[in-house]
Amino acid sequence: MVRFMKQEKMIMGLLAVAMIVVIFNSYQIAAINIVESQAAKSTKVELSAKSDIIPSGVPEIYGEELQLSYDDVSPYDPARADLTIKKLAQFDRTMNLGGADKERYINALYKLEDGISCEYCCGARSIIFENGESACGCAHSYAMRGLAKYLITEHGDEYTDEEILAEVGKWKALFFPTQMQQKAEVLTGQGIELSGTNLASNKYRGIEKGLAAGGGMVGGC
C-alpha cells in the first residue's frame, strides 16, 4: 500500500511537471506568433510604402496577354530585366502609328505634363520629338515608346492619354528605382501629390537636383 501511494505521488509529480512544460511551451509559441505577426505587419507596411513608387504584380489589361509582370524588371535579375525591356521595345520597332493614334501618342509622351523622358541616362527633352519620331536611343526609351504604342493600338478604348502616360511611368520607376525613390521623397517633402504622372513625367524633372546622386539603373541604356 505504501509502495502504491509512492508510485501515485510520483505519477502526480510527473504529470505536474508535464503540465508545466506544456504551459511553458504554449507561452513560448504564443510569444513567437506575436513577434512573427508584428514582423509581418512591419513588412506589409514597408511593401505598401514601396508599392507607391515601385509597382509589382501583373499589369491589368495587358499583363497576361503579353506574359509580363512588373516583377520582371529587378536589379537582382539583370538578364530577365533586359529580356523584358526587349519584349516591350519590339513594339516600338514594329508598330507605326498614324492619324488619331499618332496624335494620342504625341500627346501622351510629349505634351501632357511636359512629356516623359529617360531623365537619368540621357538629356533628351522627351523620349520622342514633337512630330512623334524617336528622340532617344536608349533601351529604356524604346521600351516606354513600345508600351505606349501597344496600349494605343490594342487597348486605346481602355486607356486615356493620361493613363497611358501614368502606365509608361510605372515602368520608368522600375528602370530607375533608386532615383525615382529619391525624387518621390523630395516631392513628398514639398507637399506635392505623389501621383504617377508627377513622379515620372517631366513636370517636376530635376526637382531632386543638388542631392547626393542616386543609384544605377535597371537594364542597359
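The values are calculated or read from the model by the stated rules, or taken from the named source; none is laboratory data. Predicted model, so just to flag it, every value in this text is computed and none were measured. Virtual Cβ from ideal backbone geometry, glycine too; neighbours counted across all protein chains shown.
Taking into account only those residues within the stretch 123-133 that are touching a residue at least 24 places away in the same chain (Cβ under 8 Å) and more than 17 Å from residue 151 (Cβ to Cβ), which is farthest from the chain's Cα centre (by Cα)?
131
Could you grab me the full set of residues in the stretch 153-167 that are crowded, with 22+ Cβ neighbours inside 10 Å and either over 12 Å from residue 101 (Cβ atoms) or touching an Asp or Glu at 6+ places or on another chain (Cβ under 7 Å) (or both)?
Hits for the stretch 153-167 are 165, 166, 167.
Pairs under 9 Å by beta carbon, first residue not assigned by TED's automatic domain parsing to the domain that holds residue 174 in the stretch 200-221, partner at pLDDT below 75, six or more apart or different chains?
208/214
Need the failing condition index for residue 132 against (1) farther than 23 Å from residue 53 by Cα; (2) part of a helix (DSSP H, G or I), just the number.
(2)
What is the number of the single condition among (1) under 23 Å from the mean Cα position of the chain (by Cα); (2) charged (D, E, K, R); (3) in a helix (DSSP H, G or I) that residue 158 does not meet?
Among (1) under 23 Å from the mean Cα position of the chain (by Cα); (2) charged (D, E, K, R); (3) in a helix (DSSP H, G or I), the lone unmet condition for residue 158 is (3).
Restricting to the stretch 71-117, what's the tally of residues that are closer than 18 Å to residue 176 by Cα and in contact with a Phe, Trp or Tyr (Cβ under 8 Å, 6 or more places away or on another chain)?
Result for the stretch 71-117: 4.
Condition first: in a loop (DSSP other than H, G, I, E, B), within 20 Å of residue 66 (Cα to Cα) and at pLDDT 95 or above. Can you find one or more residues in the stretch 173-180 that meet it?
No: zero hits.
Given the condition more than 16 Å from residue 85 (Cα to Cα), out of contact with any Leu (no Cβ under 9 Å at 6 or more places or on another chain) and surrounded by fewer than 16 Cβ atoms within 10 Å (Cβ to Cβ), answer yes or no: does some residue in the stretch 137-148 qualify? Spell out how you get there, then give the answer.
So the first thing to find is which residues in the stretch 137-148 are more than 16 Å from residue 85 (Cα to Cα), and the list is none.
No, the conditions are met nowhere in the stretch 137-148.
Pick from 150, 105: which is closer than 24 Å to residue 195 by Cβ, part of a helix (DSSP H, G or I), in contact with a strand residue (DSSP E or B) (Cβ under 8 Å, 6 or more places away or on another chain) and modelled with pLDDT of 95 or more?
Of 150, 105, the one residue that is closer than 24 Å to residue 195 by Cβ, part of a helix (DSSP H, G or I), in contact with a strand residue (DSSP E or B) (Cβ under 8 Å, 6 or more places away or on another chain) and modelled with pLDDT of 95 or more is 105.
Hey, can you tell me all the residues within the stretch 108-117 that are part of a helix (DSSP H, G or I) and small (Gly, Ala, Ser)?
The initial filter retains those residues of the stretch 108-117 that are part of a helix (DSSP H, G or I), namely 108-114.
108, the sole residue that qualifies.
Checking the condition in a loop (DSSP other than H, G, I, E, B), in contact with a helix residue (DSSP H, G or I) (Cβ under 6 Å, 6 or more places away or on another chain), among the aromatic types (Phe, Trp, Tyr) and touching a residue at least 40 places away in the same chain (Cβ under 8 Å), which residue from 142, 120 passes?
120
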